[in-house]
Structure formats: structure tokens, C-alpha cells
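Structure first, then comments.
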Amino acid sequence: MVKPKKDTLDFKNYLYLLSIDVDAKLVLNNLKNTIVIIIGCGGIGNFLSYSLATFTPEKMILIDGDKIENSNLNRQLLFTTKDIGYSKADILKKQIQLRNPLLDVTSYDRYVTEDLLEKSIKLTDNKRYLVILSGDSITALEETTKYCVKNKIPFLNVGYLNDISVIGPFYVPRISSCPYCNNTLSLEKHEKDSMQNELLNINNKYEAPSSFTNNALASSLAMSDIIQFEAEKLDKVKSLNKRFGIDNVTFKNYTLEVPKDKDCSFCSEENK
């Protein structure tokens, strides 16, 4: 006799987890007891908040100071033309809760800072936390890294380099490297302020070739590693101590090793 289909958000997730040989109940339980913080509510933020919301984490916090623009709609699938001009974080919260009314979601229409994270997240010892950064700002990366390292919170950087979707390094406190280990993702300040300002102006004018393809693939890579992390299979996390990318055209894999750095200006205190 065929068992009736369970019409719940967990049902298909559970079957998928079984198919990839992880402890499905452990993953579901861990995610249900995790406070997920998504920094950057654009294309990748749309995909990852949508996916993680179906696991009904204990709470989801959305952070982004941007407003929705028409050019966002080629990839930011939870927004429509009616949302143009409104806060990405606020509209994403609304759309996520329409799909999962049981989910507790808080949104902040502000750009991330360490101070905002300190004020918006009430840390307690018996809670699980996971931070996902999908913003394209060096400041956001620095502020998020400082906060996560100081508070020993796992954190995954997700993005793309043109047509290469990239994740990592997946920072796991006391275990793996942070994004600044061995100077991998840091930009050294130029001796001349005028040159530094010129570089900032160029970066601010740059428009990333952001599409459904590079956003969706990066998000899928991230979800794969998040699941392995929640399954407590760190040996299966592809972005642990490395940046991992896939070329959108050739499907070629790229790996940049990022070993844990005992002299890292961000996370070296863990080694003491």
C-alpha cells in the first residue's frame, strides 16, 4: 500500500536529504534550531532566504539597505514591478512569510555594520547561529567577519566573479579559516589617500554582470555546503579552508586554498 504524500514544507526536503546520504532528521532539527542571518537581500539573498525558509529555522534576520530597482528583476525572483523603490529587506520578509507563515522573520532596511549586528542579534549560549553574506561590499565583508569571529558564529561568503559562481571560505569558529586568512580577500590600503579614493570611485561605479545563472548557481553551491555543515559532516563541506567556484559556461571547478592563518588580523585570537 502506498503511503499518502505528506503535504508539508519538510516532506520534499526530507526526501532530498535522504537521497544525498545525510542524517535527514539531524539536518532538519539543526536548522529548526538555528537563527539564520542573511546579509544582502538581492539575487543570492532571494534564493538562499527562499530555500532556507522552507526548513523553518528558529528565526531569520534579513539585512540590506538597498531599494528594489527594475534591473534587479532579472534574477531577484521574489520581487515584482510593484515593489520597485521599496526596501529589499522588507519586501523579502513579506514574500518569505507569505510562503511560510510559521517563520519568524525580522528585516533591517540598513547596510550591515558590526554595531547593527550587535544590536539586532541577541546572542545566547544555547542557540545555534549561521550568517550568510551575499553583499558585494568590502565594508560588509570586513564588518561581518569581525562580528562573526568575535562572537564565534559560523559564516559563509557567497558571490560570483563575473561568470564564475563562488563560495567560501566557510568560517567555522576555531576550526577553519576566515575570509581574511593569509590576506586572501583583503585589499591593502594604498599609501596615498588620493589613489585610495580613486580606486574606491572606480569600484563604486562598477556594475556587476549579475544574472539568474551566476546567482542561482552560487546559491545552490552554498545550500549544498550548508546542508553538509548542518549534517555535521565537515569533511564534506567543499568551501572549508578554501574558496570554491564553478565556471557557468564550462562547468570547470576552481579552488583557492585558504589555510587557517595563525597571524590573521581577524581570527588569530582563536589560536591563543
Exercise. Starting from region 85-113, keep only residues that are under 22 Å from Ser71 (Cα atoms) and among the basic types (Lys, Arg), then list their pairs with residues that are assigned to a loop (DSSP other than H, G, I, E, B) and open to solvent by 50 Å² or more (accessible area, probe 1.4 Å) whose Cβ atoms are within a distance under 7 Å, requiring at least 6 positions of separation or different chains.
Key: Lys88/Asp66
Practice problem: From Asn74, Asn33, grab the single residue that is open to solvent by 30 Å² or more (accessible area, probe 1.4 Å) and in contact with a strand residue (DSSP E or B) (Cβ under 6 Å, 6 or more places away or on another chain). | Solution: Asn33
Quiz item: Here are some conditions: (1) open to solvent by 70 Å² or more (accessible area, probe 1.4 Å); (2) over 26 Å from Asn30 (Cα atoms); (3) in contact (Cβ under 8 Å) with a residue 24 or more places away in the chain; (4) over 16 Å from the mean Cα position of the chain (by Cα). Phe79 meets all but one. Which one does it not meet?
Solution: (1)
Exercise. Considering only region 64-95, state which residues are among the basic types (Lys, Arg) and more than 23 Å from Ala218 (Cβ to Cβ).
Key: Lys82, Lys94
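Quick one: which strands (runs of 3 or more DSSP E) lie wholly within region 52-150 and hold at least 2 residues that are among the hydroxyl-bearing types (Ser, Thr, Tyr)? Lay out the reasoning, then the answer.
Details: elements: 59-63, 105-108, 128-133.
Strands (runs of 3 or more DSSP E) meeting the threshold: 105-108.
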Quiz prompt | Output for region 132-153, where each listed residue is over 17 Å from Asn183 (Cα atoms) and not charged (D, E, K, R) | solution = Ile132, Leu133, Ser134, Gly135, Tyr147, Cys148, Asn151, Ile153
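Any idea which of Leu240, Leu217 is open to solvent by less than 80 Å² (accessible area, probe 1.4 Å), at pLDDT 95 or above and part of a loop (DSSP other than H, G, I, E, B)?
Numbers: Leu217 fails: part of a loop (DSSP other than H, G, I, E, B).
Testing whether each residue is open to solvent by less than 80 Å² (accessible area, probe 1.4 Å), at pLDDT 95 or above and part of a loop (DSSP other than H, G, I, E, B) leaves just Leu240.
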Practice problem: Go through (1) in contact with a Ser or Thr (Cβ under 9 Å, 6 or more places away or on another chain); (2) exposed (fewer than 14 other Cβ atoms within 10 Å of the Cβ) and name the single condition Ile63 misses. | Solution: (2)
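The values are calculated or read from the model by the stated rules, or taken from the named source; none is laboratory data. This structure is a prediction, so every number in the text was calculated from the model and none was measured. Neighbour counts run over all protein chains shown; Cβ positions are idealised from the backbone, glycine included. In case anyone asks, the SASA skips ligands and DNA or RNA and just uses the protein heavy atoms, side chains included. Shrake-Rupley method; radii C 1.70, N 1.55, O 1.52, S 1.80 Å.
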